[in-house]
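Below you'll find the structure, written out as structure tokens, and then a few comments.
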Amino acid sequence: MLLVLKLLLVPSLVGAVTLAARRWGPRIGGWLTAMPIVTGPILCFLAYDQGDVFGGRAAQATLAGVTGLGAFCVAYAYACRRLAWPLSLLVAWTAFGVVTAVLYIAQPTLIAGLVLALFASIVGERVIPRPTGVPATSSRPSHDLLIRMLATGTLVVVVTAVAAWLGPNLSGLLTAFPTAIAIIAAFSHAQGGPNAVQPMARSFMRGLKSFALFCFVFAWAIVPLGLGWTVVIAATAQMVVHGLTLWAMTTGKS
């Protein structure tokens, strides 16, 4: 049953984000992708499989890993201006890997992880280049959405299987692995060019604040409150902040 959830839940969420991005554009797509649609379920799977203490430590490491996620996004936004999507992914994944390796060695505290994540979100949004034109238009293959969902499901199963074997600290850092954003960025790049990636990336960086808050609350609450209440509280806090981010985006205040 758990495997079925891994194969169906997260890919379905990525599919929904993809359709929303097509309907409302790359800025909303980036904002939606910054929701913990991959990380949240993976942390729940880890806590359910390995226990609340493991889940809390993994969430703390994931919070630190948000900085690596920001590095991925910034690196891709710059690389895509000169490189095709496969090389852009390679550059961005390398940036994520380097930052994640440093964080694994440093193992920041819960508060330090939150500070780093917020710093990455704020600075990342500011340094990502603005688009120089409108996204290119290209026809989407009929199997486009299915490929995105299959790729997401494969990555989730692989990450959760390897993460449980590696322990909570490295598990949490790998939970921050840029799964949804990598898939959506690559497809956006291939179909719309750099001008489709950059507004999505800027919105994604804005949304990382609420993503970080979800991880922080999850790590703080799971041992005293258990998985059920933790998910409710963390998701509520995340949605409030994420909603405020959308309000700021749509009213021109951010």
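Observations on the model:
- Evaluated with a Cβ-only charge set (Lys, Arg +1; Asp, Glu -1), the chain carries a dipole of roughly 780 debye about its Cα centre, given to the nearest 20.
- Computed across the chain, the Kirkwood hydrodynamic radius from all distinct Cα-Cα pairs reaches 17.8 Å.
- Computed with a 1.4 Å probe over protein heavy atoms only, the accessible surface of the chain comes to 45 Å² per residue.
- Here the relative contact order of the chain, from alpha carbon pairs under 8 Å that lie six or more residues apart, stands at 34 percent.
- Each peptide in 43-50, 240-247 receives the mean, over its residues, of other Cβ atoms within 10 Å, and ordering these scores from highest gives 43-50, 240-247.
- GNM on the chain, alpha-carbon springs under 10 angstrom: the most fluctuating residue among V197, V74, V157 is V157.
- Degrees separating the helix 52-79 axis from the principal Cα axis of the chain, which is the longest one: 20 degrees
- Nonpolar atom fraction for the chain, defined as the carbon and sulfur part of the 1.4 Å probe accessible area, stands at 72 percent.
- Estimated purely from DSSP H runs of n ≥ 4, each contributing -39500 (n - 2.57), the mean residue ellipticity at 222 nm for the chain is -29000 deg cm²/dmol once divided by its residues.
- Axis of helix 144-166 versus longest Cα principal axis of the chain: the two differ by about 30°, to the nearest ten degrees.
The values are calculated or read from the model by the stated rules, or taken from the named source; none is laboratory data. It should be emphasised that the depicted structure is a prediction, and the values quoted were computed from it without experimental measurement. Cβ sites come from the backbone with ideal geometry, for glycine too, and all protein chains shown count toward neighbours. The area values use the complete protein model at the heavy-atom level, side chains included, leaving out ligands, DNA and RNA. Shrake-Rupley method; radii C 1.70, N 1.55, O 1.52, S 1.80 Å.
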